[in-house]
Every structure is written in structure tokens, then in C-alpha cells.
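A.B. asks: So that we are looking at the same thing, I have put the structure below in C-alpha cells.
The values are calculated or read from the model by the stated rules, or taken from the named source; none is laboratory data. Since we're looking at a predicted model, the values are computed, not measured. We place every Cβ from the backbone using ideal geometry, glycine too, and count neighbours over all the protein chains shown.
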Amino acid sequence: MDKKLHAPQRDNYLDEMKHFVGCITEDKPPLTTKTQIIGVQKALDGILDSAKAGEAVNLS
């Protein structure tokens, strides 16, 4: 049985920019923390290092 999900179309970039502006102009906290952002960046750096080395790398 095939089912289709219907979700409203959104402009994700526009939503992101509105949130960013709201954080600045209304002093709202961001949805992501510095710790989360640093973790994602470490993972991305690890992916790049692993691709360059041709093997798994330690992310610590």
C-alpha cells in the first residue's frame, strides 16, 4: 500500500534567517547551543580527515 505524506512547502532558508534576526533583535536564545554546533563541526572535520586518510579517524 502506497501512502503519500503531505507537508506544507516552506522556505527553510527564510525561516532560518527570520530566526537569526529574531535572536538579535528580540534577544531570543538560538535553537542550537554552542556545544551542539562545535560537536557538528568536529564530526564534519572528522569526515574530511577520514576521507583524506582513507580510513577511520578518532574524533576525540
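A.B. asks: Looking at the stretch 16-31, which of its residues are outside any helix (DSSP H, G or I) and either surrounded by 11 or more Cβ atoms within 10 Å (Cβ to Cβ) or touching a strand residue (DSSP E or B) at 6+ places or on another chain (Cβ under 8 Å) (or both)?
C.D. replies: Lys28, Pro30
A.B. asks: Could you please find all residues in the stretch 42-60 being small (Gly, Ala, Ser) and either surrounded by 12 or more Cβ atoms within 10 Å (Cβ to Cβ) or touching an Asp or Glu at 6+ places or on another chain (Cβ under 6 Å) (or both)?
C.D. replies: Gly46, Ser50
A.B. asks: Further question: The conditions are (1) at pLDDT 95 or above; (2) not in a helix (DSSP H, G or I), and Ala51 fails exactly one of them. Which is it?
C.D. replies: Among (1) at pLDDT 95 or above; (2) not in a helix (DSSP H, G or I), Ala51 violates only (2).
Per-residue answers, yes or no, for (1) at pLDDT below 95; (2) not basic (Lys, Arg):
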| site | (1), (2) |
| --- | --- |
| Lys4 | yes, no |
| Ala7 | yes, yes |
| Arg10 | yes, no |
| Tyr13 | no, yes |
| Phe20 | no, yes |
| Ile24 | no, yes |
| Lys42 | no, no |
